[in-house]
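Novice: My questions will all concern the structure given below.
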Ligand SMILES: [Zn+2]
Ligand SMILES: [Zn+2]
């Protein structure tokens, strides 16, 4: 259940990630929401239970609040125009597009192809798809994403192209995962993450998100979200 206190904490976490690219500490949350450290921690735990954020392994600090990450995960996201020095860690290929969608900002995304190690640097924005040809591999079915969501995000990577994603899969994880066009993932990220920073954001229902997957053609058992 969302309470005004949890909402306030959630909004503070997202505002801090958006403006500074980092997560507030529990002490900072308590200070800025005028609550005790215990109350702030309770709110953070409740938000984690609702998958509104992801605690660090030790359960104290904030590790992720999708699409934002508090630690490097293979993607660096910077404003495309270079006029300011903000930067964000993209949790995965999908989250990197999500940061652009949530901020309504054109960005440059830097990563490396897991197969050949090539540096990939591409532009994307709310109205600008990434270059055609790039491929994104999802490691496991949607029903398993939150079993270990940090591991899931860590493994959702951008490859030079479909061929490199297939070669990597054959060598490291045969007959597993799903390879999508990066443009499809970019299209998915817009409605999935575009409202994350809106003042009146309400968490999407499972059916809402399933419809978003359907709309971009990600259908079938691999994409069935857990009930
Ligand atoms: Zn490659
Ligand atoms: Zn992710």
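Novice: Give me the residue from the range 111-125 that is outside any loop (DSSP other than H, G, I, E, B) and within 16 Å of ligand 2 (Cβ to nearest atom) and, out of that set, farthest from residue 148 (Cα to Cα).
Specialist: Only one residue fits best here, namely 124.
Novice: Something else now. Residue 86 is checked against (1) outside the structural domain of residue 123 (by TED's automatic domain parsing); (2) surrounded by 14 or more Cβ atoms within 10 Å (Cβ to Cβ); (3) more than 18 Å from residue 193 (Cα to Cα); (4) touching a helix residue (DSSP H, G or I) at 6+ places or on another chain (Cβ under 8 Å) and fails just one. What number does that condition carry?
Specialist: Here residue 86 meets the rest and fails (1).
Novice: Of all residues in the range 157-181 being more than 24 Å from residue 131 (Cβ to Cβ) and not in a loop (DSSP other than H, G, I, E, B), which is nearest to ligand 2 (Cβ to nearest atom)?
Specialist: 172
Novice: Return the pair list, or none, for Cβ contacts closer than 8 Å from residues in the range 130-157 that are touching a residue at least 60 places away in the same chain (Cβ under 8 Å) and farther than 15 Å from residue 209 by Cβ to residues that are part of a helix (DSSP H, G or I) and within 16 Å of ligand 1 (Cβ to nearest atom), at least 6 apart or on different chains.
Specialist: Close Cβ pairs satisfying both conditions: 156/93; 157/93.
Novice: Sticking with this one: In the range 9-40, which residues are outside any loop (DSSP other than H, G, I, E, B) and surrounded by 17 or more Cβ atoms within 10 Å (Cβ to Cβ)?
Specialist: 9, 10, 12, 13, 14, 16, 17, 18, 26, 29, 30, 40
Novice: For the range 59-107, list the strands (runs of 3 or more DSSP E) that sit wholly inside it and hold at least 1 residues that are within 16 Å of ligand 1 (Cβ to nearest atom) and farther than 13 Å from residue 18 by Cβ; which are they?
Specialist: 75-79
Novice: May I ask you to verify whether residue 52 is under 26 Å from residue 2 (Cβ atoms) and either assigned by TED's automatic domain parsing to the domain that holds residue 150 or part of a helix (DSSP H, G or I) (or both)?
Specialist: Judged against the criteria, residue 52 is not a match.
Novice: Suppose we keep only residues that are within 17 Å of the chain's Cα centre (by Cα) and more than 23 Å from residue 137 (Cα to Cα) within the range 54-74. Which one would you say is surrounded by the most Cβ atoms within 10 Å (Cβ to Cβ)?
Specialist: The selected residue is 62.
Novice: Out of the residues in the range 57-82 meeting the condition of being within 13 Å of ligand 2 (Cβ to nearest atom) and more than 22 Å from residue 29 (Cα to Cα), tell me which one is modelled with the lowest pLDDT.
Specialist: 73
Novice: Which residues, taken from the range 183-205, are more than 18 Å from residue 50 (Cβ to Cβ) and assigned to a loop (DSSP other than H, G, I, E, B)?
Specialist: Selection gives 194, 199.
Novice: Take residue 213 and decide whether it is closer than 29 Å to residue 13 by Cα, assigned to a loop (DSSP other than H, G, I, E, B) and in contact with a helix residue (DSSP H, G or I) (Cβ under 8 Å, 6 or more places away or on another chain).
Specialist: Spelling it out, it is not the case that residue 213 is closer than 29 Å to residue 13 by Cα, assigned to a loop (DSSP other than H, G, I, E, B) and in contact with a helix residue (DSSP H, G or I) (Cβ under 8 Å, 6 or more places away or on another chain).
Novice: Would you confirm whether or not the range 128-135 contains a residue that is part of a loop (DSSP other than H, G, I, E, B), within 16 Å of ligand 1 (Cβ to nearest atom) and out of contact with any strand residue (DSSP E or B) (no Cβ under 6 Å at 6 or more places or on another chain)?
Specialist: Yes, because at least one residue in the range 128-135 is part of a loop (DSSP other than H, G, I, E, B), within 16 Å of ligand 1 (Cβ to nearest atom) and out of contact with any strand residue (DSSP E or B) (no Cβ under 6 Å at 6 or more places or on another chain).
Novice: Checking residue 186 against (1) without any contact (Cβ under 8 Å) to a residue 60 or more places away in the chain; (2) closer than 21 Å to residue 109 by Cα; (3) in contact with a strand residue (DSSP E or B) (Cβ under 8 Å, 6 or more places away or on another chain), which single condition isn't satisfied?
Specialist: (1)
Novice: A further question follows. Can you tell me how many residues within the range 121-140 are surrounded by 21 or more Cβ atoms within 10 Å (Cβ to Cβ) and more than 27 Å from residue 201 (Cβ to Cβ)?
Specialist: 3
The values are calculated or read from the model by the stated rules, or taken from the named source; none is laboratory data. Quick caveat, the model's predicted, so the values are computed rather than measured. For neighbour counting, all protein chains shown are included, and Cβ atoms are generated from backbone atoms with ideal geometry for every residue, glycine included.
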